[in-house]
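Engineer: Below: one structure in structure tokens.
The values are calculated or read from the model by the stated rules, or taken from the named source; none is laboratory data. From a predicted model like this one, the values you see are computed outputs, not experimental measurements. Glycine gets a Cβ as well: all are built from the backbone with ideal geometry, and neighbour counts include every protein chain shown. Each accessible area value is taken on the protein alone, full model and side chains, heavy atoms only, with ligands, DNA and RNA left out. Shrake-Rupley method; radii C 1.70, N 1.55, O 1.52, S 1.80 Å.
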Amino acid sequence: MTIQFSLANATPETEATPCAVVGVYEDKLLTSAAARIDEASGGAIKRLVDSGDISGKLGSSHVLFGLSGIAAARVLVVGLGEQKKLDELRFQRASQEAARVLKGLPLASATSFLAEIEVPGRDLNWKVRTAALATDHAAYKYTATFKTKDKPRGDSFAAIAFSADGSAQAALLQATAIAAGVRQARELGNLPPNICNPAYIAAQAQKYADATAGVTCEILDREQMQELGMGSLLGVAQGSANPPKLVVLRWNGAADARPYVLVGKGITFDTGGISLKPGPGMEEMKFDMCGAAGMFGAFVAATSLQLPLNLVCILAAVENMPDGNSYRPGDVLTSMSGLTIEVLNTDAEGRLILCDALTYAQRFNPQVIIDAATLTGACVIALGKHASGLMSKDDELANQLLAAGAASLDRAWRLPLWDDYQSQLESGFADVANIGGKNAGAITAACFLARFAEGQRWAHLDVAGTAWDEGRKGLATGRPVPLLTQYLIDRC
Ligand code: BES
Ligand code: MN
Ligand code: ZN
């Protein structure tokens, strides 16, 4: 369940809430909500600011319990950093820090006054939406597979009200929908690969369709994909005991308009196949279905908002395993498009399943195709963990996606998709090779996909660096759900 969001017409000192959240800048400067609480409590905040206990530094926070003259049981003072430096990302960071503290307190709800803070260039709706999504993101706990010693706690943080007038209602609706999509994507991403296999992804999609008016779900199995000639996707799938699924979710929100088609890479575990990956860190390859999870999440968000457009969401769900029946380096596969592919590395499998999904996508006569994939380690080397890689030959589409990423703080950065790079994919034994050598790996992967999207308005998002936080405790982030949902909202 996501955190419940609401609006409150509240005054900081008289609001009877388990916790009032207010901001304090560095340099001993209080926000107006903090100043009101300070005044009504006889200087409780200023005293701590003067003593240095409350620094106002970004990322810091302080809980004050039972202040006299204040209706709230607690006041959570979050640091905002220097006022002149406060920008979109710092506002998001402070909202996240507040939620991180709230989820550790024995309370079920809180009222936040953070949306009253001035953020240059952003309006109330943006602030409420951003604060709400940051709250849900930070409050998320993965609990699907329990640690046997964790005891569920009764009073857990579940609702937050934002002090703002009714004009921010639209922001709350969007935040609620996007948070649901992000949660869906994160939960699928975090599940272990023995649970979240292709059949599981398909079942989740079917379940969503069954529960949601106007959504249909079709699931293609191996035999149906054989009939369609998806030799490339099936080549990757043939080494796994978990059969592949091609999931097609559809939403009809507009009468006759051509659909937006979202395509996601859903490798539920990427061992590398016969071109086996090294052992350390291989468990992170359970996240190799985060492109599919992100597209599913964006679909959930867009349909929750009942956006007036047509949407098709294609999830290519496959496991890449080494086996006596696996495909091998040297194999030549025939894709659904008819193009033949020489496999030079079975670890470059994402593009092999996506190419058939992209060909399949074209039967919906799309106005736009966007794919998302944890496609290349090279993209992580190029852009790190902060920006998704965006590649498209269509400048207008690329700019719309970049703008959606900036507005939702789910940012992408464009890399070139020039045909100059195509020669790296030449093969002596087939139309195209599946790897392009050591240079520009993120781009040559996209160049491979481009051969299967000719004549289409198409963009590719490489989310290898952004879809999850690395390390032992790294969780799926839910990216690029905010970017894609913003893009779709902007089209309405
Ligand atoms: N799923 C990986 C890409 C990946 C690697 C994502 C690390 C996130 C972190 C993909 O299937 C892969 O293995 N790509 C290879 C391609 C290479 C063989 C051309 C890679 O990036 O090393
Ligand atoms: Mn791989
Ligand atoms: Zn992969």
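Engineer: Criterion first (within 14 Å of Asn197 (Cα to Cα), within 16 Å of ligand 2 (Cβ to nearest atom) and at pLDDT 95 or above) does Ser240 satisfy it?
Structural biologist: Working: within 14 Å of Asn197 (Cα to Cα): yes; within 16 Å of ligand 2 (Cβ to nearest atom): yes; at pLDDT 95 or above: yes.
Judged against the criteria, Ser240 is a match.
Engineer: Take the residues of the stretch 329-359 that are open to solvent by 10 Å² or more (accessible area, probe 1.4 Å) and in a helix (DSSP H, G or I): which is farthest from ligand 2 (Cβ to nearest atom)?
Structural biologist: Going through the qualifying residues, I end up with Thr359.
Engineer: Still on this structure: Give me the helices (runs of 4 or more DSSP H) completely within the stretch 377-492, filtered to those with at least 1 residues that are within 16 Å of ligand 2 (Cβ to nearest atom), ordered by residue number.
Structural biologist: Numbers: elements: 377-383, 395-407, 441-450, 481-490.
Because the criterion is at least 1 residues that are within 16 Å of ligand 2 (Cβ to nearest atom), the helices (runs of 4 or more DSSP H) in the stretch 377-492 that meet it are 377-383, 441-450.
Engineer: Residues to consider are Pro259, Pro366, Pro308, Pro278; find the one that is more than 11 Å from ligand 3 (Cβ to nearest atom) and farther than 30 Å from Asp490 by Cβ. It would help to see each step written out before you state the result.
Structural biologist: Details: Pro259 fails: farther than 30 Å from Asp490 by Cβ; Pro366 fails: farther than 30 Å from Asp490 by Cβ; Pro308 fails: farther than 30 Å from Asp490 by Cβ.
Answer to the check: Pro278.
Engineer: Looking at the stretch 164-173, is at least one residue within 16 Å of ligand 3 (Cβ to nearest atom), touching a strand residue (DSSP E or B) at 6+ places or on another chain (Cβ under 7 Å) and within 25 Å of Thr303 (Cβ to Cβ)? Talk me through it step by step, then tell me what you get.
Structural biologist: Kept after step one, since they are within 16 Å of ligand 3 (Cβ to nearest atom), are these residues of the stretch 164-173: none.
No; the residues of the stretch 164-173 include none that is within 16 Å of ligand 3 (Cβ to nearest atom), touching a strand residue (DSSP E or B) at 6+ places or on another chain (Cβ under 7 Å) and within 25 Å of Thr303 (Cβ to Cβ).
Engineer: Still on this structure, please answer the following. I'd like the full set of residues that are out of contact with any Asp or Glu (no Cβ under 9 Å at 6 or more places or on another chain) and either within 16 Å of ligand 1 (Cβ to nearest atom) or among the charged types (D, E, K, R) (or both), limited to the stretch 349-378. Write out each step before concluding.
Structural biologist: Applying the first criterion (out of contact with any Asp or Glu (no Cβ under 9 Å at 6 or more places or on another chain)) to the stretch 349-378 yields 351-353, 355-356, 359-360, 362-367, 369-371, 377.
Matches in the stretch 349-378: Arg351, Leu352, Ile353, Cys355, Asp356, Arg363, Asp371, Gly377.
Engineer: Step by step: first the residues of the stretch 205-233, then only those that are aliphatic (A, V, I, L, M) and free of Cβ contacts under 8 Å to residues at least 24 places away in the same chain, then the one that is nearest to Ala293 (Cα to Cα). Which residue is that? Don't jump to the end; show me each part of the working.
Structural biologist: Going residue by residue through the stretch 205-233, those that are aliphatic (A, V, I, L, M) are 205, 209, 211, 213, 215, 219-220, 225, 228, 230, 233.
So of that shortlist, the ones also free of Cβ contacts under 8 Å to residues at least 24 places away in the same chain come out as 211, 213.
Details: Ala211: 18, Ala213: 21 Å.
My answer is Ala211.
Engineer: While we're looking at this one, here's another question. Tell me which strands (runs of 3 or more DSSP E) are completely within the stretch 46-114 and hold 1 or more residues being surrounded by 15 or more Cβ atoms within 10 Å (Cβ to Cβ) and among the hydroxyl-bearing types (Ser, Thr, Tyr), or say none if there are none.
Structural biologist: Fully inside the stretch 46-114 and qualifying: 61-65, 109-112.
Engineer: Then there is this: Taking the residues in the stretch 178-199 that are part of a helix (DSSP H, G or I) and open to solvent by 30 Å² or more (accessible area, probe 1.4 Å) as candidates, determine which candidate is nearest to Arg222 (Cα to Cα). Steps first, please.
Structural biologist: Initial filter on the stretch 178-199 (part of a helix (DSSP H, G or I)): 178-190, 198-199.
Going one step further and asking which of them are open to solvent by 30 Å² or more (accessible area, probe 1.4 Å), we end up with 180, 183-184, 187, 199.
Numbers: Ala180: 31, Arg183: 29, Gln184: 26, Glu187: 26, Ala199: 11 Å.
Only one residue fits best here, namely Ala199.
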